[in-house]
Amino acid sequence: MLRKDITFERAGPAITQGEIDALKAALGDIALPTDYERYLLRFNGANPTLTSGDPDCPPILRLWWPAGSAADVSDHAGTLGSFYRITGQPETASNLLQTHQDIGHLLPPQTFAFVGDGGGGRYVFDLRPDRFGEVLFWSYQALGSEEDSASDPYHNVAWVASDFIDFINRMERSPTDWNAWEMALPPDSDKDWHPR
């Protein structure tokens, strides 16, 4: 169940289940989380917004990097860009299929990007059977070399949420004191998540 202080703004054009099925077929007959498909049918790329707190502070999400990964030195905060749509005007929102045609070869296998961070990173669903529907953050800035990606395609990936609803519910306002926010993270908070 979604938190009561979340609304959705700037929905895309209404779509049908047939359009979602066509997208999945075009991407190799992938499966998508049910809650995400429901979101697409109702909102098609609308951005979740927090109605509580300071509206001038954009929402962020905590990123949990695997301990010892090269990206573990990265920030623990991820911003939210615009959510991608099945269809829509290219000048206002990214198209899901086009996004995967453009950058899918860079993403880890069995993932599906559904929103960007506004700086090249992507939030992706993990589509592997044992982790199906978990939300991960793929960092473009920590991408590294082709050899890095070939030896470990998840070397630049952080855990974000257990599913799509959990992802939306984990949104929080940007803190006024970033040092206090980072210090409030539990020690070794990343240690229990491993991308493999």
Qualifying residue in the stretch 85-98 (condition: within 22 Å of residue 30 (Cα to Cα), surrounded by fewer than 19 Cβ atoms within 10 Å (Cβ to Cβ) and free of Cβ contacts under 8 Å to residues at least 40 places away in the same chain): yes
Filter result (surrounded by 10 or more Cβ atoms within 10 Å (Cβ to Cβ) and under 20 Å from the mean Cα position of the chain (by Cα)) within the stretch 6-18: 6, 7, 8, 10, 11, 12
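Taking the residues in the stretch 65-80 that are crowded, with 19+ Cβ neighbours inside 10 Å and under 16 Å from the mean Cα position of the chain (by Cα) as candidates, determine which candidate is modelled with the lowest pLDDT.
Here the residue is 65.
The values are calculated or read from the model by the stated rules, or taken from the named source; none is laboratory data. Just so it is clear, the structure is predicted and the values come from calculations on it, not from any experiment. Every residue, glycine as well, gets a Cβ built from its backbone with ideal geometry; the counts of neighbours run over all protein chains shown.
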